[in-house]
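The values are calculated or read from the model by the stated rules, or taken from the named source; none is laboratory data. None of these values were measured; they are calculated from a predicted model. Because the Cβ atoms are built from the backbone with ideal geometry, glycine has one as well, and the counts that use them run over all protein chains shown. When the accessible area is computed, the model is the full protein with side chains, heavy atoms only, and any ligands, DNA or RNA have been set aside. Shrake-Rupley method; radii C 1.70, N 1.55, O 1.52, S 1.80 Å.
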Amino acid sequence: MPEQSRQWDLPDPFILDIQVNEDDTDRLGHANNVVYVRWLEDISWAHVESLGMTWELHELTGKAMAITRTEIDYLVSANAGDHLVMGTWLTGFDGRFRSARQFQLVRPADGKTLMRAVSTHACVDLKTQRPSRAPKEFADIMAAARVVGGKGL
């Protein structure tokens, strides 16, 4: 299914293809909630790295964006063998410390949205793990990538 024909919540998502493996399922036979969190982490890192916020830049600046909250709505089960597509958007940045990200998980075979999630992040110093103002490099990247209309801060 072409990206344009999917019913994305926001335009131009950053995309990650996901194959649900048998190891991803739990006793109920569907993808475990812990696996969804891993997928959120995987796409978040892939997205920021594609924008130029590489781990090398994190180390150079001594800063990182740490998750402060994740809210997940599980709408439809995913099962072993399913091919899924997750989209994400950077939907908020306060220009100093905090950012927000929105997610949508779609099963192309039937076009259903299986999950929606929102996460918020705070900039921290890598050494102290304490809140810290986002470096200019982060601020420039996040301000440019921010999508209007999503669930922000």
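Summary of values
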item	result
The stretch 17-153, accessible surface, carbon-and-sulfur percent (1.4 angstrom probe)	50
Residue of 24, 125, 110 that the Gaussian network model of the chain assigns the largest fluctuation, springs spanning Cα pairs under 10 Å	110
Most fluctuating residue given options 132, 119, 50, as computed from a GNM of the chain linking Cα atoms under 10 Å	50
Accessible surface, per residue, of the stretch 23-132 when the full set of protein chains is kept, probe 1.4 Å, Å²	50
Shape call, the chain: gyration tensor on alpha carbons, a/c limit 1.5	prolate
For the chain, calculated [θ]222 nm from helices alone, where every DSSP H run of n ≥ 4 adds -39500 (n - 2.57)	-7000 deg cm²/dmol
Where labels lie 7 Å past Cα in the beta-carbon direction, separation of residue 38 and residue 59 in nm	2.5
Top of 64, 109, 78 by mean-square fluctuation, Gaussian network on the chain, Cα under 10 Å	109
